[in-house]
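Novice: Once you've had a glance at the structure underneath, I'll fire off some questions.
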Amino acid sequence: MSRGHACYRFGMADSTAEVFSAAKFTLRAAQTGVTWKELASRLEVHRTTLGAVRSGRSAPSTELLVKMVEVLGGTPEDYLDLPERPSWTLKLFRMVAGYTQHAVSEALGVAPAAVSGWETGRYKPPRSVVPKLAKMYRASEAELEAAVSRHGEVAPTEALVLCAESVVRFAEVALEAVAAMPAASRRARSALVREQLEVSMESLSSAVRELPDESKRARLVGVVRRLAELHASAEP
């Protein structure tokens, strides 16, 4: 993989970027009366990360979405802007059911990479697995078969933007991990993260100029700005 490919600088998240609603999340939190400081503690995330999710600059992982439901109540659907059900992907069925890829892999006795492969269309789930998935996802087998057939239909430009948005989440997690390290090793690790952020910003800034879609270009600009904020906050 190319060193300059921003989507692989921090890895790919099990992200909710394509459907998460910051507005619905903010409203839900306000209705519970919990403070943002307390919520960050209960969700076990840094307040900066929570602020980025709240403002829409970043989307949570599916794992964090599940925690939100546990802490704030409701169902995953209460935090998402979903398309019509007939257009759902296999990943959306899993997300709405409240499962992470890891949880599905444990329930089925398969590797997490297998679940990821089914969702990205690298290969189809075994026929024997479909009834089990249908039960877990509260869907019909026909719905899941249709979802499997829709893999790979995401346009390249949309895939790029979603990938870039996942980079933000991983960068935030990386900086949180660095901040918790002993001082002796923190500076070196921080320098590495800063270098990766610089590569990502350079790569994505170039991509912005090539995007013909104005809305996707605006989203990518937002990603670059957020990465710049994270770069500035990293210990030099």
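Nothing in this text is a laboratory measurement; each read-out follows from the coordinates by a stated rule. Since the structure is predicted, the reported quantities are computational estimates derived from the model, not experimental observations. We place every Cβ from the backbone using ideal geometry, glycine too, and count neighbours over all the protein chains shown.
Novice: Sort the following peptides by mean Cβ neighbour count (other Cβ atoms within 10 Å, averaged over residues), highest first: 56-63, 202-209, 166-173.
Specialist: 166-173, 56-63, 202-209
Novice: Need the full-extension length gain, V69 to E106, defined as separation in residues times 0.36 nm minus the C-alpha distance. One decimal, nm.
Specialist: 11.3 nm
Novice: What's the magnitude of the charge dipole for the chain around its Cα centre, counting Lys and Arg as +1 and Asp and Glu as -1 at the beta-carbon? Answer in Debye, nearest 20.
Specialist: Computed charge dipole of the chain: roughly 340 debye.
Novice: How would segment 13-79 be classified by its alpha-carbon gyration tensor: rounded, prolate or oblate, with rounded meaning a/c under 1.5 and the a/b versus b/c comparison settling the rest?
Specialist: Note, shape of segment 13-79 comes out rounded.
Novice: Quick one: what are the phi-derived ³J(HN,Hα) couplings along segment 217-227, Karplus 6.51/-1.76/1.60 with θ = phi - 60°, whole Hz, x for glycine and proline?
Specialist: 5, 5, 5, 5, 4, x, 5, 4, 5, 5, 5
Novice: Further, regarding this structure: Please give every one of the lysines within straight-line cross-link reach of K132, meaning a C-alpha to C-alpha distance under 23 Å, and leave out same-chain neighbours fewer than 8 residues apart.
Specialist: K91, K124
Novice: Additional query: Which whole-number percent is the relative contact order of segment 156-233 (Cα, under 8 Å, 6+ apart)?
Specialist: That works out to 43 percent.
Novice: For H102, H231, what ranking results if the residue with the fewest other Cβ atoms within 10 Å of its Cβ goes first?
Specialist: Neighbour counts put them in this order, fewest first: H102, H231.
Novice: Here's another thing I want to ask about it. Among the aspartates and glutamates, which fall within straight-line cross-link reach of K24, defined as a Cα-Cα distance under 12 Å, with same-chain neighbours fewer than 8 residues apart omitted?
Specialist: E77, D78, D81
Novice: Next up: Cα gyration tensor of segment 85-149, axes a ≥ b ≥ c as square roots of the eigenvalues: rounded (a/c below 1.5), prolate (a/b > b/c) or oblate?
Specialist: Because its axes are fairly even, with a/c under 1.5, segment 85-149 counts as rounded.
Novice: Another question, if that's okay. As I understand it, the dipole of the chain uses +1 on the Cβ of Lys and Arg and -1 on the Cβ of Asp and Glu, about the Cα centre. Which of V104, V178, A147 lies farthest toward its positive end?
Specialist: V178
Novice: Output ³J(HN,Hα) for segment 133-147: one whole-Hz value per residue in order, computed from phi by the Karplus curve 6.51 cos²θ - 1.76 cosθ + 1.60 with θ = phi - 60°, and x for Gly and Pro.
Specialist: 5, 4, 5, 5, 8, 6, 9, 7, 4, 5, 5, 6, 4, 5, 5
Novice: How do 33-42, 103-112 rank on mean C-beta neighbours within 10 Å, highest first?
Specialist: Per-residue Cβ counts within 10 Å, averaged per peptide and sorted highest first, yield 103-112, 33-42.
Novice: With a ≥ b ≥ c the root eigenvalues of the C-alpha gyration tensor of segment 69-123, is it rounded (a/c under 1.5), prolate (a/b larger than b/c) or oblate?
Specialist: Taking the square roots of the gyration eigenvalues as a ≥ b ≥ c, segment 69-123 is oblate.
Novice: Karplus couplings for segment 21-28 from phi (6.51 cos²θ - 1.76 cosθ + 1.60, θ = phi - 60°), rounded to Hz, Gly and Pro as x?
Specialist: After applying 6.51 cos²θ - 1.76 cosθ + 1.60, I find 10, 5, 5, 5, 4, 4, 5, 4 Hz.
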